[in-house]
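The next block holds one structure in the form of structure tokens; read it before the comments.
The values are calculated or read from the model by the stated rules, or taken from the named source; none is laboratory data. This structure is a prediction, so every number in the text was calculated from the model and none was measured. Neighbour counts are summed over all protein chains in view; Cβ atoms, including those assigned to glycine, are modelled from backbone coordinates with ideal geometry. Only protein heavy atoms, including side chains, enter the accessible area calculation; ligands, DNA and RNA are left aside. Shrake-Rupley method; radii C 1.70, N 1.55, O 1.52, S 1.80 Å.
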Amino acid sequence: GAELRAVGINFNLAPVADLNTNIDNPIIGRRSPGSDPTAVGLMVAQFVRGMQDAGVLASAKHFPGHGDTSEDSHVELPVLNHDRARLDAVELPPFVQAMDAGVGAVMMGHLWLPQLEPAENMPASLSHAIVTGLLRDDLGYDGIIMTDALDMDAIDTVYSPGEAAVRAIEAGNDLILIGANVGEAMQIR
């Protein structure tokens, strides 16, 4: 955090709060601190405190948990077919600990949770039921909620940049993230 702040960076899109619970997950793997919800939560909370004590905003990602998927949201829409009891026991504890540590932002994941979001193939990042219902209302998070990059294929193969941005804001996101292909992503299709 101190090194980031020293070079003028005040927002870190980290830590990864996802659990490494699926050996077939092509994207989370070593980006995750581990597979135990309690241990990962402790590490995530300490990362948040250290980063923010140094004056750099932290962002816990990829809510509500991308670890137990078999697809990479950079390429396609992953499905996490768990009920709320499973989420509360496994996927959500690291995010709750990050929130308890005062995390400044939570980044939404591009994954579909059919047991929480009835609209077929609706990513959590664009879901009012998940962004506002689960994160804001049920868990009481009052910090910044942001999308992951809207130019990832889980989003941009289905929605135009404008449509994705509007859906994200309607879902309850405060910040919209566009990745490295910003010029290309913003072209009207």
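Look at the stretch 163-177: where a residue is more than 19 Å from Asp138 (Cβ to Cβ) and a partner is open to solvent by 80 Å² or more (accessible area, probe 1.4 Å) and in a helix (DSSP H, G or I), sitting 6+ places away or on another chain with Cβ atoms under 8 Å, you get Ile176/Ile169. Filtering Asp72, Asp68, Asp100 for residues that are modelled with pLDDT under 95 and within 27 Å of Phe11 (Cβ to Cβ) leaves a single hit, Asp72.
The listed residues are Val56, Val79, Val103, Val44, and the only one of them that is in contact (Cβ under 8 Å) with a residue 12 or more places away in the chain, within 30 Å of Arg5 (Cβ to Cβ) and touching a Pro at 6+ places or on another chain (Cβ under 8 Å) turns out to be Val44. Does Ala39 fit the bill of being farther than 29 Å from Asp137 by Cβ and over 16 Å from the mean Cα position of the chain (by Cα)? Criteria not met by Ala39.
Val7 falls short on exactly one of the conditions (1) without any contact (Cβ under 8 Å) to a residue 12 or more places away in the chain; (2) within 16 Å of the chain's Cα centre (by Cα), and that condition is (2).
Of the residues making up the stretch 30-52, at least one is open to solvent by 80 Å² or more (accessible area, probe 1.4 Å), modelled with pLDDT of 95 or more and among the hydrophobic types (A, V, I, L, M, F, W, C).
Which of the residues belonging to the stretch 58-75 are buried (at least 19 other Cβ atoms within 10 Å of the Cβ), assigned to a loop (DSSP other than H, G, I, E, B) and hydroxyl-bearing (Ser, Thr, Tyr)? Of everything in the stretch 58-75, those that are buried (at least 19 other Cβ atoms within 10 Å of the Cβ), assigned to a loop (DSSP other than H, G, I, E, B) and hydroxyl-bearing (Ser, Thr, Tyr) turn out to be Thr69, Ser73.
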